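Q: Before anything else, here's the structure in question.
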Amino acid sequence: MPRELSLAEIFQLGYYWETKILLTAVKLDLFSALTGSPRSSAQLAQQLSLTVRPLTLLLNALVAMRVLKKESDTFANTEVAQRYLDKSQKEYVGHLLLLHDAEWENWGQLEDTIRTGQSPVSQHVFETNPELGTNVLSVLHRIGKESGPNLAKRMDLNKAKTLLDVGGGAGTNAIACCQEYPDLMATVFDLPQTLVMTKKVIEQVGLEGRIQTQAGNFHHDAFDKTYDAALMSDILHYQSGETNAKLVAKIYESLSDGGQLVIKDRFLDPSGTSPAWTTAFAVHIMINTEQGQCFTSQTAMTWMSDAGFHDVRELEPCAVIQGTKK
Ligand SMILES: C[S@@+](CC[C@H](N)C(=O)[O-])C[C@H]1O[C@@H](n2cnc3c(N)ncnc32)[C@H](O)[C@@H]1O
């Protein structure tokens, strides 16, 4: 049994102040403005058309949070802020924090959602704000480049000639798979607005001869041909269980005999209370999609068995499952 929380820790859990201070600083783009030479609060206020008194309080808090440094009356970025939060840097990750800030109002509706069962949104970010969605995907792509090769190795695509990456986003996993398996050809299926960025990423790594894209909505549009393998990575949590079961069955139909479906997602354990991050993410996704949530791996494996897959198993606990078409 984990030890019980102290009262101080309960209070700590209730503080969201620092979160909103950081998100607001990113929204105001303070870190880009502080690039170069340190500035006083008054200088920064003038540069960004802000008000000195509240800005000073915000900057002081950011210093206490160790995101900024302060010397006498001037503020400067710490190394980590300079590297990741200045918009002009190639490693900028602010888009992800801007997404959290954009979802702030939805979190304000949490109580209502739990009372009524109605999410405050009817679509997810990739549909409502494609620009923000693709910016976030490009950050996730940079981060995902670390995990893509591991997933590719785990998938064992030695016998597959073709791979369908359903909702493939920036193409991170399709790229990793093609790099791991030199004879593999892949298709990234995604919304047309997302694929604009996907094509650029594929070109950057020189794989345009082996990875093609198909624009469409995976709920309504048919996949263009039959594939030897399919991947669904971080797709399931955006929809209801019923919709996911249909999607898994649709993918089954698009696989050749012996074809393999691999699903990677943020799955919960059978108790629903672990992994800890995923339990909070489940609430986050519930409030920011119409019917999304996190599911247990067992539930997702049932969708696969019901669709006709055999040898359905968990390759990585609460993360990766796989099944084969007879
Ligand atoms: C969280 S991202 C995952 C991207 C990628 N699979 C990965 O693991 O890096 C979800 C992706 O699903 C796509 N998507 C969401 N709804 C879709 C739909 N109805 N049809 C096609 N793609 C969709 C989004 O555009 C986005 O690229």
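Throughout, read-outs are computed from the coordinates displayed, never taken from laboratory work. In this text the structure is predicted, and so the values were computed from the model without any measurement. Positions of Cβ are generated from backbone atoms using ideal geometry, with glycine treated the same way; all protein chains shown enter the neighbour counts.
Q: Out of region 173-267, which trypsin sites (Lys or Arg not before Pro) are coil in DSSP terms and have no more than 11 other C-beta atoms within 10 Å?
A: 225
Q: Under 17 Å from the Cα of residue 161, which aspartates and glutamates turn up, not counting those fewer than eight places away in the same chain?
A: Of all the aspartates and glutamates, those that pass the test against residue 161 - Cα under 17 Å, at least 8 places apart if same chain - are 180, 183, 208, 224, 228, 257.
Q: Sticking with this structure for a sec: Considering only C-alpha atoms, what is the centroid distance from region 295-326 to region 104-149, in Å?
A: 25
Q: Another question, if that's okay. Restricting to Cα atoms and excluding each atom paired with itself, what does the Kirkwood estimate give for region 162-243 in Å?
A: When all Cα pairs of region 162-243 are included, the Kirkwood radius is 12.8 Å.
Q: Ranked from highest to lowest mean number of other Cβ atoms within 10 Å per residue, what is the order of the peptides 7-13, 81-87, 69-75?
A: Top of the packing list down: 81-87, 69-75, 7-13.
Q: Here's something else I'd like to know. Can you tell me which aspartates and glutamates have their Cα less than 15 Å from the Cα of residue 27? Leave out same-chain residues fewer than eight positions away.
A: Within reach: 18, 86, 101, 103, 105.
Q: Summing -39500 (n - 2.57) over the DSSP H runs of n ≥ 4 in the chain and dividing by its residue number, what mean residue ellipticity at 222 nm do you reach, to the nearest 500 deg cm²/dmol?
A: Calculated mean residue ellipticity at 222 nm is -13500 deg cm²/dmol.
Q: Still on this structure, I have one more. How charged is the neighbourhood of residue 226? Take every other residue with its Cβ under 10 Å from the Cβ of residue 226, and add Lys/Arg as +1 and Asp/Glu as -1.
A: With Lys, Arg at +1 and Asp, Glu at -1, the neighbours total -3.
Q: Decide, for region 54-127, between rounded, prolate and oblate: order the square roots of the alpha carbon gyration tensor eigenvalues as a ≥ b ≥ c, take rounded if a/c falls under 1.5, and otherwise choose prolate if a/b is larger than b/c, else oblate.
A: Oblate is the answer for region 54-127, as a/c is 1.5 or above yet b/c matches or exceeds a/b.
Q: A further question on this structure: How much net charge surrounds residue 104 when only the other residues with a Cβ under 13 Å from the Cβ of residue 104 are counted, with Lys and Arg +1 and Asp and Glu -1? Kindly include the intermediate steps, with their values, before the conclusion.
A: Working: positive: 20, 27; negative: 101, 103, 105.
Neighbourhood net charge equals -1.
Q: Moving on to the next point. Above 16 angstrom, tally the Cα pairs of region 7-89 and express them as a % of all pairs, no decimals.
A: 50
Q: On to the next question. Compute a Gaussian network model of the chain, connecting alpha carbons closer than 10 Å, and tell me which residue from 104, 17, 303 fluctuates the most.
A: Result: 17 has the largest fluctuation of those listed.
Q: Shape verdict for region 125-324, please, from the Cα gyration tensor: rounded (a/c under 1.5), prolate (a/b greater than b/c) or oblate.
A: In terms of gyration-tensor shape, rounded.
Q: Given the Cα atoms of region 61-213, and with Rh set as the inverse mean 1/r over their pairs in the Kirkwood sense, what is Rg to Rh to two decimals?
A: Details: Rg = 19.6 Å, Rh = 18.1 Å.
That ratio is 1.08, to two decimals.
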